[in-house]
1. Are there any helices (runs of 4 or more DSSP H) wholly within region 1-82 with 1 or more residues that are at pLDDT below 70 and either under 23 Å from Leu243 (Cβ atoms) or more than 22 Å from the chain's Cα centre (by Cα) (or both), and if so which?
2. Name the helices (runs of 4 or more DSSP H) wholly within region 171-272 that hold at least 1 residues that are among the acidic types (Asp, Glu) and touching a Lys or Arg at 6+ places or on another chain (Cβ under 9 Å)?
3. Is there any pair linking a residue in region 138-162 that is closer than 12 Å to Ala182 by Cα to one that is among the charged types (D, E, K, R), with Cβ under 7 Å and at least six apart or on different chains, and which?
Amino acid sequence: MDVLTAAVLGLVQALTEFLPVSSSGHLVLAQHLLGVESESGLSMDAVAVAVHFGTLLSVVVVFRTDVWSLIHTSMTSGMRPRSWSEQWSTNPHFRMAASIVVGCIPAGVLGLAFKDTIESAFQSVTVVSVALVLTGCVLLALMRAPKGDGHVGLRSGLVIGIVQAIAIVPGISRSGSTIAAALFLRLEREHAAKYSFLLSLPVIAGATALKTLELLGNDVHFDLWLALGTGALVAFGAGVAALKFLMVTVKSGSFAYFGWYCLGVGLIGLSV
């Protein structure tokens, strides 16, 4: 794994993690086009950890105020179960934190229960292409989605969490499907996007931690460390830019137009 390849994969990961076009699907296609499938499993797993860590940092930086509020609320109100009912009624940060906890459960259960099946799907360009077509159709359906002004709760958080769990399949956009679900549930646009990205933090962190544990004990040469650092740095920078761009896109109401892109890429993938 050379530095240039890691940088390209980091760029692809960051842009497609937050834009509603499926990072996992694009990574599978990019690896196929770059011939990265011939690399060792250790190299690819290590790069996956690095670029996901970069995108994790970009979410923390862009939403740092919200992240700090959620941490502070969890460390104070969350430690006093007797006050939960009152906090739910009066503290929007508590409601957001509780909804994120509930929303992360489906992805955790599905990821652990079907780990091997999901990993095998990453080897199939056909599976990715079909999933991209489905993502495109979901996004285009947003053109008919009602405009809402609601905020996330436990029930809507669970529904969005189930959608996020389904998006583990490569080619199903995590951000696209979760934001689409939130909009169909009549959540306010900016709040829907913010919840989607904050919901991704525990999932990305958990996946990164599991991969890191798998890599511990393996010999990693300096060239690979250099590639990992480059991939993480590129993923972080591109992730910050992609997040800010997408927030503007969601608020402007043009989010659904990404569906045409997903549809086109999926059809191309099925034809090659």
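1. 23-34, 41-62
2. 189-215
3. Within 7 Å, the pairs are Pro146/Arg186; Gly148/Arg186; Gly148/Glu188; Asp149/Glu188; Gly150/Arg186; Gly150/Glu188; His151/Glu188; Gly153/Arg95.
Rundown of residues vs (1) modelled with pLDDT of 90 or more; (2) closer than 30 Å to Leu267 by Cβ; (3) crowded, with 17+ Cβ neighbours inside 10 Å, yes/no style:
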residue: Ala141; (1), (2), (3): yes, yes, no
residue: Pro170; (1), (2), (3): no, yes, yes
residue: Ser177; (1), (2), (3): yes, yes, yes
residue: Ala182; (1), (2), (3): yes, yes, yes
residue: Arg186; (1), (2), (3): yes, no, no
residue: Tyr195; (1), (2), (3): yes, no, yes
residue: Leu199; (1), (2), (3): yes, yes, yes
residue: Thr212; (1), (2), (3): no, no, no
residue: Asn218; (1), (2), (3): no, no, no
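The values are calculated or read from the model by the stated rules, or taken from the named source; none is laboratory data. What you are looking at is a predicted structure, and each value in this text was computed from that prediction instead of being measured. Cβ: placed from backbone, ideal geometry, glycine included. Neighbour counts: every protein chain shown.
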